[in-house]
Structure formats: structure tokens, C-alpha cells
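See structure below.
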Amino acid sequence: MKLFDVYPINDINIVRAKDSYVWDENGVQYLDMYGGHAVISIGHTHPHWVKRIDEQLNQIAFYSNSIKIPIQQELADKLGKISGKNNYQLFLCNSGAEATENALKLASFHTGRKKIIAFSKAFHGRTSLAVSATDNPAIVAPVNETDNVIFLPYNDEEALKEYFQQHGRYVAAVIVEAIQGVGGIAVATENFLKTIRQLCNENGASFIADEVQCGYGRTGKFFCLDYANIDADIYTMAKGMGNGFPVGGILIAPHIHPKHGMLGTTFGGNHLACAAALAVLEIIEQDDLIEKAHDNGQYLMNELKQFSGIKNIRGKGLMIGFDVADEFKKLRKHLLQKHHVFTGEAKPNVIRLLPSLSIHRRQLDEFLAIMKNAIEELNSNPLKSNVIDLRT
Ligand SMILES: Cc1ncc(COP(=O)(O)O)c(C=O)c1O
């Protein structure tokens with residue numbers, strides 16, 4: 001049987017991983033500045049995470065949500081403490097898209113309304129409502145097309161005010177990424193986020209912060225929205241939450257009340273996922289990873305600003321993007337193939353850096369030295385690059 005060919009794949013087979021390095025089947029070492037797609041938060045195969053999962057696996061991996069699962073409460077307590085959102089409620093699911101789906105549905109249940117405001121270049125996932133709120137027609141199937149989602153320009157307060165003035169009473173939710181990931185590391189202004197908060201308050205709509213990529217400590221605060229000193233009604237989480245174990249969730253403000261049967265999932269909140277998620281929070285807390293992400297991100301961005309060939313270095317903490325000049329558009333492939341460094345991309349010419357929050361300064365210096373060489377190499381021979389064209 002063939003695999004359904006939907007992913008453009010690099011011809012690399014990674015068989016082992018540790019901290020911020022991974023190794024292929026030939027023993028070649030790669031520096032992971034991509035965090036396996038913003039997923040690795042405490043470092044690949046962290047021993048505490050492995051041990052916690054292993055111990056849980058030997059006790060019980062799964063039983064349905066029809067019984068008490070105390071480790072869910074343990075996770076909720078830890079999450080409340082580290083995020084500072086102690087009075088919020090936790091609903092657990094399995095992925096980012098599912099978190100979006102539940103957040104939007106919950107906002108609609110809560111308000112009794114249908115209209116969702118999303119923003120240009122937003123990415124919220126690929127399930128039905130999540131993809132409807134994603135600004136990429138190429139991945140929206142005909143069945144997902146809906147006039148319940150309205151796209152407004154990102155960072156445009158006036159457009160938002162105007163929309164609310166005319167249609168505010170129909171709006172169930174505004175969903176926003178405080179830093180757009182797939183959209184190319186676009187940072188929302190504090191005023192824009194505060195305007196969303198104010199308009200949601202005035203019109204009885206729910207503010208959903210999609211923190212699947214920018215949350216969980218990555219930007220140097222637990223939630224990226226924390227930089228704006230405001231609270232969302234619902235926060236979505238996934239990627240970094242399990243350090244590679246599939247787990248997602250939403251944090252729900254106290255004024256939104258649950259009803260039996262309103263949300264549900266078979267696998268969400270299973271024992272094993274909770275053990276993985278707890279291990280992540282324990283290491284984030286123990287090793288001050290949020291503070292480290294902040295400081296290391298600042299260092300990396302300052303250093304990158306010295307480089308020629310790349311521009312508009314932007315982001316917060318360890319969620320960093322920069323534009324690559326036309327002459328260097330092979331930089332990402334060159335970094336991977338010649339220098340064995342994984343980075344992320346956003347079309348058409350953005351490189352995204354999303355390393356583990358546990359990455360060390362010496363690894364950042366290693367990356368910076370490689371970047372310098374790679375740019376020099378492409379500079380001295382920009383047209384005749386030795387890079388084979390991989391399907392990325
Ligand atoms: C901001 C944001 N929301 C939602 C998702 C969807 O997450 P998942 O791929 O786990 O469904 C992503 C994935 O990249 C994302 O970046």
C-alpha cells in the first residue's frame with residue numbers, strides 16, 4: 001500500500017534524537033532549529049519525559065472519560081499554576097485543530113451566535129471549522145466554505161471597529177494568533193489585541209487566543225497574549241504541550257459554563273497524554289525554560305540583525321522569523337543539506353526558527369556560525385549553488 005502523498009518530503013530518515021540534535025540512519029547529526037515543527041519544548045527525548053511516559057505506560061495507558069482520571073486534575077493544577085490562569089477550566093483533546101474546533105464551537109454555544117472573525121494569513125488547523133477560519137483557499141474544501149467566518153486584515157483596528165459597529169451582535173468569537181506562525185511570524189500589535197478585547201467585551205463576543213504555536217512558553221511568556229496584559233476567554237494549546245506526544249487542550253474562562261455532553265472526545269485527556277504533558281510542565285518549571293526562551297530569543301535576534309542577506313528579523317522569544325533576500329533564496333535548503341540544520345519556512349521567503357525552549361547558548365552560537373558561513377558561501381557563488389533541489 002502507498003502512503004497518501006500529501007507531504008513534500010526531505011529525503012532524510014531521522015532515527016534518533018536528543019535535546020536539540022537529531023541523527024539520521026547514517027549517523028549524520030543535525031541541529032534542530034525547527035523543534036520538529038514548533039513541537040519540541042523541553043528537548044527531544046528528555047529523560048524525565050521518557051521516564052514519566054514509561055511509568056504511566058506500565059500502569060495504565062488509556063481508559064475512557066467515563067471514569068475519574070486524577071492525572072487530568074494534576075495536569076490542570078500544574079497548568080493553572082504555571083500559566084497564571086488558576087481560575088480557568090481545562091478541556092483536553094489531541095491536536096491543535098481539535099483545540100480550535102472546540103474553542104470555536106464553545107464560543108458559539110456560549111453566545112448562541114454564528115459569526116466568527118478571523119484574520120488575513122491566519123492558520124488555525126485543517127478540520128472543518130478550523131480550516132474555514134484559515135486564510136488559505138488551497139486547503140479549504142468546498143464543504144468547508146461558509147459565510148459564518150469573516151476575514152479582516154490583521155493588525156487593522158479600524159476594520160475591526162467598523163465590522164463590530166455594523167454586525168457586533170452576531171459575532172460569537174474573534175480568533176487570533178498573537179504571533180502568526182504559518183502566516184510568516186507576523187506579530188500582532190498590543191493595541192490591536194487590546195482593541196479585540198475591548199470590542200469583544202462591548203459586544204458580548206468571545207476572545208479566542210490561538211496559542212497552539214506561539215503559546216506554552218515559546219515566546220518568553222506562558223501565553224504570547226500575556227505581553228498585551230489582557231486575558232482571552234479561551235486559549236488553545238497543542239504543539240509544545242506534549243513535546244511530541246499528541247495532546248492539545250483549551251483553557252476556558254470561569255464565566256463560560258460547561259454542560260454535560262457539550263464537548264467530548266474518546267482519546268482526549270488519556271492517562272498517557274497527561275503524563276507526557278505533566279512531564280513537560282515539570283521541566284519547564286524546574287529549568288526556568290520560559291525565561292530562558294525569552295533571553296535566548298533576544299540574544300539570537302540581536303545577533304541575526306548583524307547579518308547581511310536576511311532582513312526584518314522579528315518575533316518574540318524562540319519564535320523568530322526573517323525574510324531572505326532573493327539572491328539567498330536557497331539558504332534554507334543549503335542550511336539543511338550542506339550544514340545539517342533544520343529550520344522552518346513560511347512562503348514565499350521567510351525562514352522560521354522554532355527550536356526547543358531548552359536550547360543552549362552554545363547551540364545558538366553554533367547556528368550563528370553556520371549561518372555566517374552559509375551566507376558567505378551563497379554570496380560567493382549565488383547562482384551556482386551545490387544544493388540539490390529537494391521537494392520542500
Ligand atoms: C496557530 C496554529 N493553530 C492550529 C494549528 C493546528 O494544529 P495541528 O496541526 O496540531 O492540528 C497550527 C499548526 O501548525 C497552528 O500553527
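Coordinate-derived values only; no laboratory data. Bear in mind the structure is a predicted one, so any value in this text is a computation, not a measurement. So basically every Cβ, Gly included, is an ideal-geometry build from the backbone, and we count neighbours across all protein chains shown.
Where does each of 150-160, 276-286 land if you order them by average Cβ count within 10 Å, highest first?
The packing order, highest mean first, is 276-286, 150-160.
Rounded to whole Å and sorted largest first, what semi-axes of the equivalent ellipsoid does the C-alpha gyration tensor of the stretch 1-141 yield via the square root of 5 times each eigenvalue?
Rounded to whole Å, the semi-axes are 31, 26, 16.
How are the C-alpha pair distances of the stretch 312-381 spread across 5 Å bins, as whole percents from the shortest bin up?
4, 15, 27, 30, 18, 6, 1, 0
Using the alpha-carbon atoms, what tilt in degrees (0 to 90, nearest 10) does helix 289-304 show relative to the longest principal axis of the chain?
50 degrees
Dividing the convex hull volume of the alpha carbon atoms of the stretch 168-252 by its residue count, what do you get in Å³ per residue?
Measuring per residue, one finds 94 Å³ for the Cα hull of the stretch 168-252.
Using the Cα atoms of the stretch 231-386 to build a convex hull, what is its mean projected area in square nanometres?
Value for the stretch 231-386: 12.1 nm².
Work out how much length residue 158 to residue 114 would gain on full extension: take 0.36 nm times their residue separation and subtract the Cα-Cα distance, in nm to one decimal.
13.6 nm
Can you compute the label reach from residue 150? Point 7 Å from Cα along the Cβ direction, backbone N cut-off under 13 Å, restricted to the stretch 183-212.
200, 203, 205
Taking every DSSP beta bridge that has both residues in the chain, what percent is antiparallel when rounded to the nearest 5?
Roughly 65 percent of the DSSP beta bridges within the chain come out antiparallel.
Using only the Cα atoms of the chain, what do you get for the radius of gyration and for Dmax, in Å?
21.0, 65
Please build a GNM for the chain, connecting alpha carbons under 10 Å apart, and tell me which residue among 271, 255, 339 fluctuates the most.
Highest fluctuation among the options: 255.
Quote to one decimal, in nm, the extra length available between residue 286 and residue 190 on full extension: 0.36 nm per residue of separation minus the C-alpha distance between them.
Length difference between fully extended and current span is 31.6 nm.
Which are the unpartnered cysteines of the chain, meaning those with no other cysteine Cβ under 4.7 Å from their Cβ?
Among the cysteines of the chain, those whose Cβ sits 4.7 Å or more from every other are 93, 200, 274.
Over the Cα atoms of the stretch 119-221, what Rg and Dmax result, in angstrom?
Values for the stretch 119-221 (Cα only, Rg and Dmax): 13.5, 39 Å.
Using a 7 Å offset from the Cα along the Cα-to-Cβ direction at both residue 379 and residue 298, what is the distance between the two label points in nm, to one decimal?
Each label point lies 7 Å from its Cα, and together they span 2.8 nm.
What are the aspartates and glutamates whose alpha-carbon lies under 17 Å from the alpha-carbon of residue 85, with same-chain residues fewer than 8 places away excluded?
74, 77, 210, 211, 226, 231, 233, 282, 285
For the pairs 115/347; 18/292; 114/194; 305/347, note any where the Cα-Cα span goes beyond 27 Å.
Listed pairs above 27 Å: 115/347.
Given a Förster distance of 41 Å, report the FRET efficiency between residue 325 and residue 105 from their Cβ-Cβ distance, rounded to the nearest 0.05.
Once the sixth-power term is evaluated, E becomes 0.40.
How high is the FRET efficiency from residue 64 to residue 169, r the C-beta distance, R0 30 Å, rounded to 0.05?
It comes out at approximately 0.15.
Compute the angle between helix 157-167 and the longest alpha-carbon principal axis of the chain, please, reported from 0 to 90 degrees and rounded to the nearest 10.
Approximately 30 degrees, to the nearest ten.
Angle check, please: helix 361-380 long axis (alpha carbons) against the longest principal axis of the chain (alpha carbons), in degrees 0 to 90, nearest 10.
60 degrees
Given N residues in the stretch 242-308, what is its alpha carbon radius of gyration divided by 2.2 N^0.38 Å?
1.66
Loop only by DSSP, 15 or fewer other Cβ within 10 Å of the Cβ. Give me the trypsin sites (Lys or Arg not before Pro) in the stretch 294-377 that pass, ordered by residue number.
305, 329
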